[in-house]
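Below: one structure, written as structure tokens.
The values are calculated or read from the model by the stated rules, or taken from the named source; none is laboratory data. Note that the structure is a prediction, hence the values are computed from the model and not measured. Because the Cβ atoms are built from the backbone with ideal geometry, glycine has one as well, and the counts that use them run over all protein chains shown. Heads up: the accessible areas ignore ligands, DNA and RNA and are worked out on the full protein's heavy atoms, side chains in. Shrake-Rupley method; radii C 1.70, N 1.55, O 1.52, S 1.80 Å.
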Amino acid sequence: MNPMVIIMRKLLTVSLFALLAGVAQADELKPARHGDFAHYTFALAWLPGFCTAGGEGCLPSQPKEELIGLHGLWASEPKSLEDKGVKVQQWWASGCSMLPHVTAVPLLSEELRQRLKETMPQLASDLQTHEYVKHVQCFGYDANEFFSTALQLREAVVDSDFGRYLSAQAGQTRSGAEVKDAFAKGYATGERGALQLRCAKDAKGRNVLTELWFTLKKDKLDSFPEADSFMDTPAAEREDTCSQPFLLPKW
């Protein structure tokens with residue numbers, strides 16, 4: 001074989017591995033303002049459950065190629081608000097409206113908007129804009145960088161042993177303990193409390209999985225989902241609602 005062809009193939013292989021490595025791990029996010037918070041909650045939606053149980057439901061145009069969707073990436077309450085006696089529940093309800101900010105629609109690239117359309121629940125209230133206004137803008141994050149990072153985190157879950165386990169359970173009924181066992185095993189972490197499961201009743205009265213929330217260390221997004229990126233969810237912030245066995249519905 002021509003030596004130049006061999007060299008070019010090697011260069012292409014190296015470039016491909018570099019590209020895949022960039023997709024596999026998320027970028028580190030650095031808030032420009034109000035960075036005195038302790039951790040993130042990374043929220044994924046089990047789309048067939050999220051779109052059919054509780055809430056306002058998804059639009060008829062909801063894409064149905066994905067099971068695991070992106071809900072959001074939420075900074076915990078800034079210490080500056082804690083020091084003022086603001087309860088964490090108030091922060092959850094109000095978010096960036098409690099801090100100086102300018103309300104604006106996120107200016108996203110067309111490629112990023114399309115990817116979010118494919119992976120986020122499509123609600124009448126426009127979840128992309130809601131997430132940006134409530135959870136992003138007051139921290140000074142660039143919208144494209146922020147949502148790109150959140151999508152990278154989602155891809156890291158989907159492409160992991162735990163993500164493949166979840167996809168394999170579509171249509172099955174499981175307990176919270178079983179799913180958390182798979183989480184701990186898949187990521188070799190002892191922080192079982194880093195995962196919270198959210199359930200609700202669907203139109204048929206079934207208890208179905210709607211969301212998975214991961215508590216992540218603020219400075220470890222770029223190593224997610226390695227074991228040291230997880231942390232136990234603080235007791236005051238636990239919102240696990242899957243105490244009973246639940247269905248992971250299919251589309």
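Yes/no per residue for (1) touching an Asp or Glu at 6+ places or on another chain (Cβ under 7 Å); (2) of a type in the set (A, V, I, L, M, F, W, C):
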{"residue": "Pro121", "(1), (2)": "no, no"}
{"residue": "Ala124", "(1), (2)": "yes, yes"}
{"residue": "His130", "(1), (2)": "no, no"}
{"residue": "Val157", "(1), (2)": "no, yes"}
{"residue": "Arg164", "(1), (2)": "no, no"}
{"residue": "Arg174", "(1), (2)": "no, no"}
{"residue": "Ala177", "(1), (2)": "no, yes"}
{"residue": "Ala182", "(1), (2)": "no, yes"}
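Here Val102 meets each of (1) touching a His at 6+ places or on another chain (Cβ under 9 Å); (2) modelled with pLDDT under 95 with one exception, condition (1). For region 192-212, a residue qualifies if it is free of Cβ contacts under 8 Å to residues at least 40 places away in the same chain and part of a loop (DSSP other than H, G, I, E, B), and the qualifying residues are Lys204, Gly205. Among the candidates Lys218, Lys250, the residue that is basic (Lys, Arg), in contact (Cβ under 8 Å) with a residue 24 or more places away in the chain and under 28 Å from Pro63 (Cα atoms) is uniquely Lys250.
Checking Thr189, Thr215 one by one, the residue that is β-branched (Val, Ile, Thr) and either assigned to a helix (DSSP H, G or I) or open to solvent by 10 Å² or more (accessible area, probe 1.4 Å) (or both) is Thr189 and no other.
Looking at region 64-78, which of its residues are closer than 17 Å to Leu116 by Cα, assigned to a loop (DSSP other than H, G, I, E, B) and in contact with a strand residue (DSSP E or B) (Cβ under 9 Å, 6 or more places away or on another chain)? It would help to see each step written out before you state the result.
Within region 64-78, the first condition is being closer than 17 Å to Leu116 by Cα, and the residues that meet it are 64-74.
Narrowing the set further to residues that are assigned to a loop (DSSP other than H, G, I, E, B) leaves 64-67.
If the condition is that a residue be closer than 17 Å to Leu116 by Cα, assigned to a loop (DSSP other than H, G, I, E, B) and in contact with a strand residue (DSSP E or B) (Cβ under 9 Å, 6 or more places away or on another chain), then Leu67 is the only one that fits.
Take the conditions (1) open to solvent by 20 Å² or more (accessible area, probe 1.4 Å); (2) over 26 Å from Ala156 (Cβ atoms); Leu81 misses just one of them, which is (1). Taken residue by residue, region 145-167 has at least one member that is in contact (Cβ under 8 Å) with a residue 24 or more places away in the chain, farther than 20 Å from Lys217 by Cβ and not in a helix (DSSP H, G or I). Scanning region 137-185 for residues that are open to solvent by 30 Å² or more (accessible area, probe 1.4 Å), under 22 Å from Glu226 (Cβ atoms) and not aromatic (Phe, Trp, Tyr) yields Glu145, Ser148, Gln152, Glu155, Val158, Asp159, Asp161, Arg164, Ser167, Lys180, Asp181, Lys185.
Output the residue which, of all residues in region 107-147 that are over 15 Å from the mean Cα position of the chain (by Cα) and among the hydroxyl-bearing types (Ser, Thr, Tyr), is nearest to Ser76 (Cα to Cα). Residue satisfying both the conditions and the ranking: Tyr141.
Residue count for region 24-39, restricted to those that are modelled with pLDDT of 80 or more, under 12 Å from Leu221 (Cα atoms) and surrounded by 14 or more Cβ atoms within 10 Å (Cβ to Cβ): 2.
Taken over region 175-187, the residue count meeting the criterion of being in contact with a strand residue (DSSP E or B) (Cβ under 7 Å, 6 or more places away or on another chain) and of a type in the set (D, E, K, R) is 1. Against the test of being modelled with pLDDT of 80 or more, within 22 Å of the chain's Cα centre (by Cα), more than 29 Å from Ser223 (Cα to Cα) and open to solvent by 90 Å² or more (accessible area, probe 1.4 Å), the options Glu65, Glu56 yield a single qualifying residue, Glu56.
Taking (1) without any contact (Cβ under 8 Å) to a residue 40 or more places away in the chain; (2) open to solvent by less than 40 Å² (accessible area, probe 1.4 Å) in turn, Ser109 satisfies each apart from (2).
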